[in-house]
Amino acid sequence: MKRISSYLTALSLFALPLVAHAQVVLTNPLGTTDIRLIVANIIKGALSLSGIIALLMVLYGGFLWLTSTGEANRVDKGKKVLVWATLGIVVIASAYIITLTVFRAILQGNVNPI
């Protein structure tokens, strides 16, 4: 048993330079290290996701309205969903324009929207 452990120790000592020579290169998946750009990308992603959800809500409201078969409560529910989803899209678009203007002012010194 002692002989096996001494062989393993010798083998690990010979293999140590090989392990030390191995270089691990980590790449940044974000593409940037600037915190302003990272925050801008997070906000852009959140606004995109909320826009997709608002669009799905418009589709859901239209589906409710179309499949209501004349039931007043389902027609009313479909209309309410459509109104609130449309209002959400307006708020999301406004937030996007404001965010775009602010980040252009911070990053480029240019405040021209779009």
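Taking interchain pairs and intrachain pairs at least six residues apart, which have beta carbon atoms under 7 angstrom, with the first residue in the stretch 84-107 and touching a residue at least 40 places away in the same chain (Cβ under 8 Å) and the second in a helix (DSSP H, G or I) and β-branched (Val, Ile, Thr)?
99/43
Checking the conditions here, which among 35, 4 is modelled with pLDDT of 80 or more and among the hydrophobic types (A, V, I, L, M, F, W, C)?
35
Please go through the stretch 75-107 and pick out each residue that is basic (Lys, Arg) and either surrounded by fewer than 12 Cβ atoms within 10 Å (Cβ to Cβ) or modelled with pLDDT of 90 or more (or both).
Of everything in the stretch 75-107, those that are basic (Lys, Arg) and either surrounded by fewer than 12 Cβ atoms within 10 Å (Cβ to Cβ) or modelled with pLDDT of 90 or more (or both) turn out to be 77, 79, 80.
Each row is one residue, and each column tells you yes or no for (1) of a type outside the set (Lys, Arg); (2) surrounded by 11 or more Cβ atoms within 10 Å (Cβ to Cβ); (3) under 23 Å from the mean Cα position of the chain (by Cα).
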residue: 27; (1), (2), (3): yes, no, yes
residue: 31; (1), (2), (3): yes, no, yes
residue: 37; (1), (2), (3): yes, yes, yes
residue: 54; (1), (2), (3): yes, yes, yes
residue: 57; (1), (2), (3): yes, yes, yes
residue: 68; (1), (2), (3): yes, yes, no
residue: 73; (1), (2), (3): yes, no, no
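Mind checking which pairs have a first residue in the stretch 55-73 that is on the phi < 0 side of the Ramachandran plot and a second that is in a loop (DSSP other than H, G, I, E, B), Cβ under 9 Å, 6 or more apart or different chains?
Sorted first by the residue in the stretch 55-73, then by its partner, the list stays empty.
The values are calculated or read from the model by the stated rules, or taken from the named source; none is laboratory data. Because the structure is a prediction, the values reported are computed rather than measured. Note that we place each Cβ from the backbone using ideal geometry, even for glycine, and neighbour counts take in every protein chain shown.
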